[in-house]
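To start, the structure itself, in structure tokens.
The values are calculated or read from the model by the stated rules, or taken from the named source; none is laboratory data. Keep in mind it's a predicted model, so treat the numbers as computed, not measured. Ligands, DNA and RNA are excluded from the accessible area calculation, which covers all protein heavy atoms including side chains. Shrake-Rupley method; radii C 1.70, N 1.55, O 1.52, S 1.80 Å.
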Amino acid sequence: MVKQYETVFIMTPVLSDEQIKETVGKYQKLLKDGGAEIVDENNWGMRKLAYPIQKKTSGYYYLIEFKAEGSLIATLETAYKRDEKLLRFLTVSLDKFAVAYNEKKRNGGLKSQQKASEGKEKVEKAEEEK
């Protein structure tokens, strides 16, 4: 059964831009060769880690959202575990609410909702002050 998944992996900060692109390309190819359909990708860039991992305090984050069979996840995570360039990884199955949320986020629907709710709050505060 095809489900939608989201995977995030953190690469070591000592990699060059070329090595980062090569590593990301390796996992994109692995997913495509396994029959996955990549829905969205998001390059989060270099970020500070919450705690040191392998004596490193920052890492290069990358997110891939895809649709695939469940059997592909074991193959993907085995490849992650064997890769010395990765500090951490996480793959989660998305339910219908998470899929809808991600779709809204991609289409910019959340920003307009946030602005609308902020506008309502400002109006309510102004009315309370009167």
Check your understanding: Counting only heavy atoms of protein chains, what accessible area per residue, in Å², does the range 1-120 have with a probe of 1.4 Å?
Key -> 64 Å²
Point to revise | Of all accessible heavy-atom area on the range 1-108, the percent that carbon and sulfur account for (1.4 Å) | key: 51 percent
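Past the 27 Å Cα-Cα mark, which pairs from K21/K96; K56/K81; K21/K105; K56/K96; K3/K55?
Working: K21/K96 31 Å; K56/K81 18 Å; K21/K105 25 Å; K56/K96 36 Å; K3/K55 36 Å.
Flagged as over cut-off: K21/K96; K56/K96; K3/K55.
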